[in-house]
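Each remark here refers to the structure printed beneath this line.
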Amino acid sequence: MEIRELHGCSPTQTEDLKRLMTELSDKVAFTFEKCMAVLEDANCHLYAIEEEEHVIGCASLCVFHSPSGTKASIEDVVVSSAYRGQHLGKQLMEYVIEQAKAFSPIELHLTSAPKRVEANGLYKSMGFQKKETNTYRLNL
């Protein structure tokens, strides 16, 4: 298995990513066009765990600059249910954090649904601290 940044998206990778996004949330409507929008954005980085040319896990790092400093959001962290329990999520997160160091100093943010107990435990074990804030969303 290899973890690497994707720079293109083949039809097989698109289907693999679509399946992963469905495992993350049944509300995600993943398409090739959405994948390309991420890949073409210089501030977004899509990392994948691959096995035999199939994507079995992924995470994205979205970097942005604000007056209070450089920040990044880690999004869409998911490992295929068929591969869970092999510490691949931890390896993926370690890889993403290592890549984020290139933008230091940087503050990393991520969100995780409370029902994702294992994922939340992983993030806490890696040093992420729960931020006491309200999160709001406005779909436009």
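The values are calculated or read from the model by the stated rules, or taken from the named source; none is laboratory data. These numbers come from a predicted model, not from an experiment. A quick note on method: Cβ atoms are made from the backbone with ideal geometry, for glycine too, and the neighbour counts reach across all protein chains shown.
Quick grid of which residues meet (1) touching a Ser or Thr at 6+ places or on another chain (Cβ under 7 Å); (2) charged (D, E, K, R):
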{"residue": "HIS45", "(1), (2)": "yes, no"}
{"residue": "GLU52", "(1), (2)": "no, yes"}
{"residue": "HIS87", "(1), (2)": "no, no"}
{"residue": "LEU122", "(1), (2)": "no, no"}
- Could you look through segment 78-124, keep only residues that are of a type in the set (S, T, N, Q) and modelled with pLDDT under 95, and pick out the one that is nearest to THR22 (Cα to Cα)? SER81
- Say we look at segment 35-91 and pick out the residues that are among the polar types (S, T, N, Q), free of Cβ contacts under 8 Å to residues at least 60 places away in the same chain and surrounded by fewer than 18 Cβ atoms within 10 Å (Cβ to Cβ); which of these is nearest to ARG116 (Cα to Cα)? SER81
- Message: Take the residues in segment 22-42 that are acidic (Asp, Glu) and in a helix (DSSP H, G or I); name whichever of them is nearest to ASP76 (Cα to Cα).
- Response: GLU23
- Note on the structure: Of the residues in segment 119-140, those that are closer than 15 Å to GLN91 by Cα and either of a type in the set (Asp, Glu) or exposed (fewer than 10 other Cβ atoms within 10 Å of the Cβ) (or both) come to GLY127
- Limited to segment 99-136, what total is found for residues that are closer than 17 Å to LYS71 by Cβ and in a helix (DSSP H, G or I)? 6
- Subset of segment 6-21 (residues that are in a helix (DSSP H, G or I) and either touching a helix residue (DSSP H, G or I) at 6+ places or on another chain (Cβ under 7 Å) or without any contact (Cβ under 8 Å) to a residue 24 or more places away in the chain (or both)): PRO11, THR14, GLU15, LEU17, LYS18
